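Here's the structure we're looking at; comments come further down.
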Amino acid sequence: MQFNQDRDGHRTLLPKPNIDTGMGLERVVAVIKGNPSVYDTDLFIPLLQKIGKLTGKKLGINDAVDKSLKIIAEHSRGITFLIADGLLPSNEGRGYILRRILRRACFLGRKLGMKKPFISDMAGAVISKMGIFYPELVANQKLIFDIIQNEEEKFGDTIDAGVNLCEKAISEAKSQGRSCLLSEEVFRFWDTFGFPLELSADIAAEHGMDVDRAGFETEMEKQRERARATHKFTNSDDDADVIVKLAPQLKLTTFSGYDELRSRSRLIQIIDNHSAKPVDSVKAGDHVTLVLERTPFYGEMGGQVGDTGVIRSKSGELRVNNSLSFATNGIAITGYVEKGSFTTGDEIEALVDEERRRDVTRNHTATHLLQMALRKVLGGHISQRGSLVAPDRLRFDFTHLSGISAEQLREIQSIVNGVIRRNLPVIIDVCPYDRAISEGAIALFEEKYGDTVRMVKIGEPKVSAELCGGTHVRSTGEIGMLLIVGEASIGTGLRRIEAVTGRGSESYIYEKLAILEEAARELKSMPSELSSKIKAMAHSLSVSNKTVASLQMEVAKGEIDRTINNSLQEVKGINVLSAHVASMPMPAMMQLGDLMRDKLKSAVIVLATVYEDKPYFIATITPDLIARGLHSGKLIKKVAEAAGGSGGGKAEMAQAGARDKNNIDKALSITPKYIDENLKS
């Protein structure tokens, strides 16, 4: 490698050109020991022995088996190290590469006869061989096993369905004289069933066929276009698009916002956001991007939102909507000129919205404390996978496979608030990267750091240390309080916590207290009595509902004979009862259907009612008629569709809801037609 090429195609000589010979450790070992291939070295032999023991297959049976064994051994090692490094299976980026190789290993294992998950066993062999040299493998062993097993179990179902679909498509292609699977076929396998293109290609190759890869990519791009077409961009998104487009032309700045929230500076560049072009001047009403020689505005980066505020000059005033980072020492400020005008070279005063910035810094420092508490309560495997630090809330995404109990959330919250009350100092230490890591600072897995980093330490001795370029409070007491307001899963092995601090936690408490007091007023009780009052009301309501249901049932029973006399008809020699009955809840109507079925002995019964202004249907069919091809679930689906609804169920009983109560009679008229078309002699 000799040159670095930028977006415009300009090349600059690398300070240290180099040659990648591909002479990795395995190849060096193979050469030194005289092995014919890397798979004959001590690095791979234990893995090949393990997969051989699991599958009952050994090298040398045939080329196809040899290839599968070697790929599984290679992929198992890669999977283990990737997860230990903090990567998780996903549908994009490096996580997608991990998912692909895991699924390929799983698929090849199936071809070798493996019906149960086995890759975690292979990971165990990798850890046994390499763990002494790579302690992170041992430290993350449980997480590695859990993630692999979870992913493999899910993909097992996909494989079974996908293989059947793919082989069926191959059979049809051969019958049509085609030697290639169509792009729409392999795309449907991926889009609908999650079956990867690579596996479709592998199966097709076994049958001497190919897949339309180019067409598949075209289908993928069509889907991306559909997604983009439905996305609604905000002004902030549009601003970001402008800045990304013009980034190579934008000038760098000096950030002074760690130490000050207002500063005097000079306007060195103006972009008109409407045309996305540099201009010399702008006037009131223009939507613009500015670059200052020196700026206190923090540019959105690392999860922390950009600053807002005001920029003033002798001739104008601009309302700052956002600040965005576009490079190291690159901060672009977007906003609207509220009055007057601005010209390149103007002397200006930049004022950050102080209250908003302080809200953001409280949430940012609290995010560090939250990660510390999560690691204490849930384990050292916790690793940040994204965050949002805004003025009104914070959001923290992290790796964890299982759910988090209410007790664990309370403990996490309690640990954070305990550190807040201790009012520990927040120390910023700009130091060499190696020293920060040696002192235990947490670094983001996907972040790239320079030789010098900014380490944010909380407490002395420290309770938290992270590499971070964001803004923070001077001591934890400024945070006030942290309240966790939400926790949920956002994907395989990923969870999200949302929380509020400072003024946000105060507002949250006032809001909840107001709801509590309003409920107490409505129930004419004290807030402290609400729990017992609600339990008593719930019990009373349950008793009342049962009484009402019982009365409704008694009324319905009284209508059984009348309904049968008025609505019973004969279709193809069988009893068919399709009727609109008095208003009642679904359980009562299902019970009524049972009574009518027992009375008629052999019949198809469809009942409709309107309960709480919404139409409902049930269908029940006796066993003798089910044997003749009738099915309650299929019947009720057609009935409900006629009234703008949907439903389903088993052959003997099904139910449905609908939207249009004016079409109940039309829906009920479907019943005889369905029987006429589906009843077998």
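Computed from the coordinates by the stated procedures, all read-outs in this text should not be read as laboratory data. Just so we're clear, the structure is a prediction, and the values are computed from it rather than from any experiment. Don't worry about glycine lacking a Cβ; one is built from the backbone with ideal geometry, like all the others, and counts go over all protein chains shown.
Using a Förster distance of 45 angstrom, determine the FRET efficiency expected from the C-beta separation of residue 524 and residue 503, and round it to 0.05. Before the final figure, lay out the partial values.
Numbers: r = 33 Å, r/R0 = 0.74.
Given R0 = 45 Å and the Cβ-Cβ separation, E is 0.85.
With a simple spin-label model that places each label point 7 Å from the Cα along the Cα-to-Cβ direction, the separation between residue 264 and residue 568 comes to 10.0 nm. Taking +1 at the Cβ of each Lys and Arg and -1 at the Cβ of each Asp and Glu, which of 315, 19, 161 sits farthest along the dipole of the chain towards its positive end, judged by Cα position relative to the Cα centre? Of the candidates, 161 comes out farthest on the positive side.
Which order results if 510, 616, 39 are arranged by neighbouring Cβ count within 10 Å, fewest first?
Working: 510 10, 616 26, 39 19.
Neighbour counts put them in this order, fewest first: 510, 39, 616.
Ranking 417, 441, 491 by Cα position along the charge dipole of segment 360-509, where only Lys, Arg, Asp and Glu carry charges on their C-beta atoms, puts 417 farthest toward the positive end.
Which one, (i) 1.03; (ii) 1.10; (iii) 1.28, gives Cα Rg over 2.2 N^0.38 Å as derived from the coordinates shown? Computing Cα Rg over 2.2 N^0.38 Å and matching it to (i) 1.03; (ii) 1.10; (iii) 1.28 gives (iii).
List residues of segment 305-339, by number, whose backbone nitrogen lies under 14 Å from a label position 7 Å along Cα→C-beta of residue 430. 329, by backbone N distance to the label point. Extending 7 Å from the Cα toward the beta-carbon at both residue 545 and residue 437 defines two label points whose distance is 5.9 nm.
For the pair residue 274 and residue 202, label points projected 7 Å from Cα toward Cβ lie 5.7 nm apart.
Using just its DSSP H runs of length 4 or more, each adding -39500 (n - 2.57), the chain gives a mean residue ellipticity at 222 nm of -15000 deg cm²/dmol after division by all residues.
As an exercise, find the ratio Rg/Rh for segment 25-226 from alpha-carbon atoms, using the Kirkwood inverse-distance average for Rh. Intermediate results must be reported in sequence, preceding the final value.
Details: Rg = 18.3 Å, Rh = 18.2 Å.
That ratio equals 1.01.
In order along segment 4-13, the Karplus-derived 3J(HN,Hα) couplings, from 6.51 cos²θ - 1.76 cosθ + 1.60 at θ = phi - 60°, round to 9, 10, 8, 4, 8, x, 6, 10, 10, 5 Hz, and Gly and Pro are given as x.
Between residue 533 and residue 28, what length in nm is gained on full extension when 0.36 nm per residue of separation is reduced by their alpha carbon distance?
Working: separation 505, 0.36 × 505 = 181.80 nm, distance 7.67 nm.
Gain in length upon complete extension: 174.1 nm.
Pairs 70/129; 115/174; 50/154: which are spaced more than 20 Å apart, C-alpha to C-alpha? Present the calculation step by step, with values, prior to reporting the outcome.
On the way: 70/129 17 Å; 115/174 29 Å; 50/154 23 Å.
With Cα atoms farther than 20 Å apart: 115/174; 50/154.
For segment 248-282, the residues whose backbone nitrogen is under 16 Å from a point 7 Å from the Cα of residue 8, taken along Cα to Cβ, are 248-252, 277-279. Cβ-to-Cβ counts within 10 Å put 23, 455, 586 in ascending order as 23, 586, 455, the fewest first.
In this Cβ point-charge picture (+1 for Lys and Arg, -1 for Asp and Glu), segment 360-509 has a dipole of about 200 debye about its Cα centre.
Calculated FRET efficiency, residue 610 to residue 100, Cβ-Cβ distance, R0 = 41 Å: about 0.20 to the nearest 0.05. Computed from phi, the 3J(HN,Hα) profile of segment 336-351 under the Karplus parametrisation 6.51, -1.76, 1.60 (θ = phi - 60°) reads 10, 6, 7, 7, x, 8, 10, 10, 3, x, 4, 7, 9, 10, 9, 10 Hz, with x in place of Gly and Pro.
What are the semi-axes of the equivalent ellipsoid for segment 591-661, taken as the square roots of 5 times the Cα gyration tensor eigenvalues, largest first, in whole Å?
On the way: eigenvalues 92, 38, 11 Å².
Computed over segment 591-661, the values are 21, 14, 7 Å.
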